[in-house]
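Structure first, then comments.
Any read-out appearing in this document is the output of simple, stated calculations on the displayed coordinates, not a laboratory observation. All of these numbers come straight from a predicted model, not from anything done at the bench. A quick note on method: Cβ atoms are made from the backbone with ideal geometry, for glycine too, and the neighbour counts reach across all protein chains shown.
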Amino acid sequence: MTRLRSDIWCGVFVRRHNDLGNMCVVSRRGDPVAGQVYVEIDHLDGTVSLFTPAPMVSRNEESANLVFQRRFSHVEPAMVRDRIVREVEFDPDLWVISLDLRGDDPGIEVVA
């Protein structure tokens, strides 16, 4: 199955969360067709979590959805910022979505 373009996926994700009352923005735009997407969550308690694309082996071949893994959970914001900076140096086509969310469920498919 064909995967959804990154720009469309990010636009839908941002709109859905903003409609739910969560502050959500695209903080970095990457390649509109096939850029990797990172989701950064500010828990509004001084901690941040980061979701990154899951390895290909953990994805269902039939799914068109993006699949994520939790890279950092409730850590200092500097750790997440440093990780994103390093990743952008390696992959300048990367998208970053920033979401303010008190809970732990951003509504994305996450593998263990």
> Taking only C-alpha pairs under 8 Å that are 6+ residues apart, what is the relative contact order of the stretch 6-111 in percent?
Replying inline: 38
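Suppose we flag GluC sites (Glu not before Pro) only when DSSP calls them loop and at most 13 other Cβ atoms lie within 10 Å. Which is the longest uninterrupted stretch of the chain?
Here the longest run is 1-60.
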> On a 0 to 90 degree scale, rounded to 10, what angle separates helix 6-19 from the longest Cα axis of the chain?
Replying inline: 40
>> Using only Cα atoms and rounding to the nearest 10 degrees, what angle (0 to 90) does helix 77-90 make with the longest principal axis of the chain?
In response: 30
>> Per residue, how big is the convex hull of the chain when only Cα atoms are used? Give it in Å³.
In response: 96
> Charges only on Cβ, +1 for Lys and Arg, -1 for Asp and Glu: so what's the dipole of the stretch 6-111 about the Cα centre, in debye to the nearest 20?
Replying inline: 80
> Can you list the trypsin sites (Lys or Arg not before Pro) in the stretch 33-112 that are in a DSSP coil and have 13 or fewer other beta carbons within 10 angstrom?
Replying inline: R102
> Simple spin-label model, 7 Å along Cα-to-Cβ: V88 to D45 in nm?
Replying inline: 2.8
> For the chain, what is the percent of antiparallel DSSP beta bridges, rounded to the nearest 5?
Replying inline: 60
